[in-house]
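The values are calculated or read from the model by the stated rules, or taken from the named source; none is laboratory data. Here the structure is a predicted model, which is why all the values come from computation and not from measurement. Don't worry about glycine lacking a Cβ; one is built from the backbone with ideal geometry, like all the others, and counts go over all protein chains shown. Side chains included, ligands, DNA and RNA excluded: accessible areas come from the protein's heavy atoms. Shrake-Rupley method; radii C 1.70, N 1.55, O 1.52, S 1.80 Å.
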There are 4 protein chains.
Amino acid sequence: MTKDEAIRTEVLKAARALFQRFGLFKTTMEDIAKAAGKGKSTLYYYYASKDEIFDAVISEDMEEVMTVVNLAVEKANSAEEKLKAFTSHRIKLLTQKAALYSIVFGEISENPNLIKKLKKSYEARELEGLKAILSYGIETKEFKKIEDGDLDDLAYVMLCAFRGIEMGLFEDNRIKKIGDRLEIILDLLANGFKN
Amino acid sequence: MTKDEAIRTEVLKAARALFQRFGLFKTTMEDIAKAAGKGKSTLYYYYASKDEIFDAVISEDMEEVMTVVNLAVEKANSAEEKLKAFTSHRIKLLTQKAALYSIVFGEISENPNLIKKLKKSYEARELEGLKAILSYGIETKEFKKIEDGDLDDLAYVMLCAFRGIEMGLFEDNRIKKIGDRLEIILDLLANGFKN
Amino acid sequence: MTKDEAIRTEVLKAARALFQRFGLFKTTMEDIAKAAGKGKSTLYYYYASKDEIFDAVISEDMEEVMTVVNLAVEKANSAEEKLKAFTSHRIKLLTQKAALYSIVFGEISENPNLIKKLKKSYEARELEGLKAILSYGIETKEFKKIEDGDLDDLAYVMLCAFRGIEMGLFEDNRIKKIGDRLEIILDLLANGFKN
Amino acid sequence: MTKDEAIRTEVLKAARALFQRFGLFKTTMEDIAKAAGKGKSTLYYYYASKDEIFDAVISEDMEEVMTVVNLAVEKANSAEEKLKAFTSHRIKLLTQKAALYSIVFGEISENPNLIKKLKKSYEARELEGLKAILSYGIETKEFKKIEDGDLDDLAYVMLCAFRGIEMGLFEDNRIKKIGDRLEIILDLLANGFKN
DNA sequence: CATGAATGAGTTTTCATTCAT
DNA sequence: AATGAATGAAAACTCATTCAT
């Protein structure tokens, strides 16, 4: 790693921690600079703007989550296991990389275009993954047959639901409490509530 | 309605529209004042701070949603119908009152205490409603038996999931596309994916 | 004059003095605020930006110069007298309102569009005035006949020349030295046009 | 040419292009460094400051213009021809070396002392040249007799006028339109001086 | 020789809030 | 009861310049 890259990484690390705690708006360049042990203007030597830093933080987290989740999904054998792997790994990772929460989730309705694009592209890739799992499950007859048109919507709805749940888990200290019992909940979702 | 109340209502109406479009941070007191046709400092005659205005907007929306949803739930007969009433009415209302989305959902992790409290209290009431539905369903044997300890968590997880879905629907133009087919999706969730 | 207008005038007055001495770039909002005895942010209550202040200063000066010069030109009887009135009054006024120099003249090649437009419109009006004088002189046979196509160019060249001279007079202390003998010089230049 | 000199020349070339387009203020050291294909701090190895670079650029242009113009003036036979040579060559050259315009002309009222001195010395030499032409014309009886005291002022005024015209020609696309008809215009102006 | 790295001191701008009237 | 006027504090961003290597 070049020195340049090393510093960029340091800056990102500092920024990540702050974004996680305070969000995009309430984190100032000053904050990041101090946390990184650099002068404020030094940040601008490495990144063109605050947005670009946020962008970089998110992108990094995004890639890591995608990689790990995909790997876990591949390893799983049945569709149900894949689905569980998908959700449980996402949660485990996102729990640590809560910065993602702000993009994957709310906060950013009114925000920089740059970031909106990021979100879209991330979402698209996630949807692909999820649809693949569902399709696979339908093929193997594990899952109920779903109309092709509905599959897109279902995947989207599920992704949204997962996000919502993940957000919920970040807040409070429910993470630990629920994190463990996730299995039970996933079972319920898979099998439905009805008797 | 006294004149004082009338003005407070006007201010709230203007603020609501702006919060919905631009969020808490990007909406300035200036914006609100202009939209309300008042002087900026006049706002301070009626509300102590920007936060308090946001607070008031959210509270109003909150109450309305709660009232309407609860009514619909009561009217429904079976637990499944109640659940569907809960979700579908929430979505219908929140679609119009998108300001709520920002508090019920993201954006505000880093935010004013005042608002955090609001969120908590709203959430608590929603949870009660949801748990009541689930309990009712279990009693009537419509729903599977769930451990009492798990019931809390399940309700919470479900609420989060709903929120996530609702957020997703706000974005894009998916609202219409999916809004109609919501039934199908709710069925799936109720019955599970497994064959 | 409303209080608002009074303050706007004060701000402009302070700004004008600074722009004249230090130019657009080297004059800061801080400078203007201090000179006006206001807080820096107060300026933004009255003017949206630094550019807008500069704009206002220039516009005011512009109008005044135009008005006075036009009046003097009208009063003069012969074309030659009109031409002399045009130049000598311009110089006299611009000597006091040197802020104009920066727009009428250089400094602003690379500048805000707002200001470029101002310059263009000012220039256009000046050109009209000058062309009117020349046309009048040609009609009355005072001046040599000039092709219509050339008239535009000649007026433009003359205007440029006047500007150049005006700029030159601002610098140094030549103003006084030359100002008086301006007549002689104008005579010399004018002879070229006379029949 | 030593390597050192070669690089200094490269830097100047890059800087010249930028100063011409964007002026002194809007051209940053960063810009120059990039354009020269060097590191920003490298510039400081060769030049002590931004001002010094600007200084060097102007000086070079200045010398060239002076040399060429003087040569053309010498070659011309009559005073009128000399005057025309003076103006037309200046314009031709300055058209290409527009950087000069910013010093010879406006922009720089508020500027570095270094540069003000440059301007003065350049101006002094130009004035000498112009006065020489005028004196020569008076001697040869081509031009009207002028009081010695007035000669200085006339030369100065003429120089200023030329500058103004030159500035005007740079702007717009008038250069071509007028550049050609310059003869006509010079004739008109010259008639004032001719006996 | 050359420069990557770093920054201090500024710059414009924003905005919630205050207060005299 | 209402607001015009004012602002402090902070924000993002700029840039000429320095310096260790």
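For this structure, a couple of remarks:
- When D:Ser41 is represented by a point 7 angstrom out along its Cα-to-C-beta vector, the spacings to that point in the other copies are 1.4, 3.9, 5.3 nm, nearest first.
- Evaluated at q = 0.26 Å⁻¹: base-10 log I(q)/I(0), Debye formula over Cα of segment D:1-47: -0.91
- Calculated label separations, C:Ser88, copies of the chain, 7 Å along the beta-carbon direction, nm: 3.5, 9.1, 9.9
- Among D:Leu24, D:Gly37, D:Val69 the positive-end extreme of the charge dipole of segment D:14-72 (Cβ point charges): D:Gly37
- Share of carbon and sulfur in the accessible heavy-atom surface of segment C:1-47 [1.4 Å probe, %]: 52 percent
- Taking the chain by itself as reference, segment D:123-164 contains these residues with an accessible-area loss of 30 Å² or more in the full protein complex (1.4 Å probe, heavy atoms): D:Lys144, D:Asp150, D:Asp153, D:Leu154, D:Tyr156, D:Val157, D:Cys160, D:Ala161, D:Gly164.
- Here is how far apart the D:Leu71 label points are across copies: 5.4, 7.3, 9.5 nm, shortest first, using a point 7 Å from Cα toward Cβ.
- When chains D and C come together, the accessible area they lose, probed at 1.4 Å and totalled over both chains, is close to 3700 Å².
- Per-residue mean of foreign Cβ neighbours for B:18-27 is 3 (Cβ atoms of other chains, 10 Å radius).
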